[in-house]
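Below is one structure, written out as structure tokens, with a few remarks after it.
The values are calculated or read from the model by the stated rules, or taken from the named source; none is laboratory data. Model, not experiment: these values are computed from the prediction. Reconstructed Cβ throughout: ideal geometry from the backbone, glycine too, with neighbour counts over all protein chains shown.
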Amino acid sequence: MVLILAILSIFCQLISGEEYCIKRTQQDCPLETFLVKDEQSCFYTCKKFEDGEDTPGMISDMYDKTSCAFTYHLSPENYTIRPQCDNDGKFLARQCFGDKVVGGGRCFCHSETGERIFGWAWRKDAENMTCTCSRQMHKSNNELTLHCDEMGNYEPLQCTGGVCWCADSKSGELLQGTKLVPESMLDILPCYKLEDVGTQYLRQCESAAKAQRDLLMAYHKHGSTNVEFNRILCDYDGSYAAVQITNGKLMCSWKDGNKLGEYTAGAAYINQMNCYCARDQKYFADELLPFRLECAGNGNYLYKQAINVTHFCVNDNGIETWQSKLPLSEDECRQHVYSLAENEPYYPDSNEDQYEYY
């Protein structure tokens with residue numbers, strides 16, 4: 001038996017990447033068993049854990065929300081749409097939902113802890129979507145000035161720390177046959193295109209945010225510590241982020257910084273406002289696709305939706321999670337919406353006085 005395991009281990013190393021190992025997923029495992037990797041080989045087995053043992057996704061009988069494996073414990077009847085995990089119980093970077101043939105199917109980038117981050121694509125166009133750039137930017141906490149394309153891949157030209165290079169779209173690494181150059185010489189790189197980049201690497205939002213930070217530091221340096229500005233928020237492609245702060249209020253914004261609709265909320269709710277619904281109205285319109293869902297007062301998706309006599313629930317991304325023959329409430333729909341958020345989503349009512357300054 002020991003000899004067999006040793007042979008399997010060597011075999012796994014030789015075939016590299018485990019791509020030739022027998023593929024199994026959690027869905028292949030019987031009830032009350034969990035997919036685990038054999039420590040002596042690259043194969044996965046379904047294991048039944050004894051009482052008192054921490055099963056994948058659980059620590060001391062509590063959900064471990066840093067692991068995608070905790071979703072194995074959620075009822076498939078209540079949560080029809082759940083995150084997609086790899087065989088090691090980690091969140092997949094690209095999460096796809098819906099039919100790629102019909103055209104409404106979509107894919108979104110997610111962090112290693114399961115949060116939706118910058119990057120999305122129509123499912124029919126997402127074959128080469130990796131989200132690797134978005135994940136690197138998320139982990140860096142915006143300390144880098146890399147540029148990701150709309151799918152979360154690396155753009156051809158990258159600069160950070162005063163150095164520029166032509167990058168591989170999936171890995172971000174220096175393209176073979178090219179070299180690193182100072183940012184002041186970026187126009188000599190073969191991947192530089194004046195019509196795409198312009199005369200400087202930083203884009204409008206990034207330049208405005210940098211100028212704002214520099215000015216604030218100058219004020220602080222001269223003892224003016226109570227000076228505040230509307231904080232400018234940028235996405236990983238250098239465009240304006242969906243949520244912006246203006247005069248103590250949150251608003252939804254398009255990529256060029258222009259306001260989208262009349263969606264708003266108090267600044268204290270910045271971690272609960274995403275404007276996904278507000279932006280999706282424009283994305284769908286650009287594709288000449290009908291948009292029939294209802295947005296909340298803050299630009300998020302309302303969980304409860306109805307089209308004619310069909311009542312259903314959607315999640316934060318507008319993906320249908322539940323249907324009912326009877327009208328549904330937000331609270332009822334929330335029971336069928338998976339969320340990593342510690343706080344409940346905030347949906348300001350249009351008649352509610354939500355315009356407080358914080």
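Pairs are defined by a Cβ separation below 9 Å, a sequence spacing of at least 6 or placement on different chains, a first member in segment 170-196 that is on the phi < 0 side of the Ramachandran plot, and a second member that is loosely packed, with under 12 Cβ neighbours inside 10 Å and of a type in the set (V, I, T); the pairs so defined are V181/I188; D187/T199. Within segment 190-225, the set of residues being part of a loop (DSSP other than H, G, I, E, B) and of a type in the set (A, V, I, L, M) comprises just one member, L202.
For every residue, the table says whether it meets (1) crowded, with 18+ Cβ neighbours inside 10 Å; (2) at positive phi; (3) basic (K, R); (4) modelled with pLDDT under 75.
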| position | (1), (2), (3), (4) |
| --- | --- |
| Q40 | no, no, no, yes |
| G52 | no, yes, no, yes |
| G57 | yes, yes, no, yes |
| S60 | no, yes, no, yes |
| C68 | yes, no, no, no |
| T80 | no, no, no, no |
| D88 | no, no, no, no |
| F91 | yes, no, no, no |
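Set side by side, the residues S171, S134, S140 differ, and just one is within 26 Å of G89 (Cα to Cα), among the hydroxyl-bearing types (S, T, Y) and touching a Phe, Trp or Tyr at 6+ places or on another chain (Cβ under 7 Å), which is S134. Only residues that are hydroxyl-bearing (S, T, Y) and either farther than 17 Å from H147 by Cβ or modelled with pLDDT under 95 (or both) were counted across segment 179-208, and they come to 3.
In segment 183-225, the residue that is surrounded by the fewest Cβ atoms within 10 Å (Cβ to Cβ) out of those that are in contact with a helix residue (DSSP H, G or I) (Cβ under 8 Å, 6 or more places away or on another chain) and of a type in the set (V, I, T) is T225.
Yes or no, residue by residue, for (1) in a loop (DSSP other than H, G, I, E, B); (2) closer than 12 Å to H110 by Cα:
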position	(1), (2)
A121	no, no
E127	yes, no
R135	no, yes
K139	no, yes
T145	yes, no
G152	yes, yes
Q158	no, no
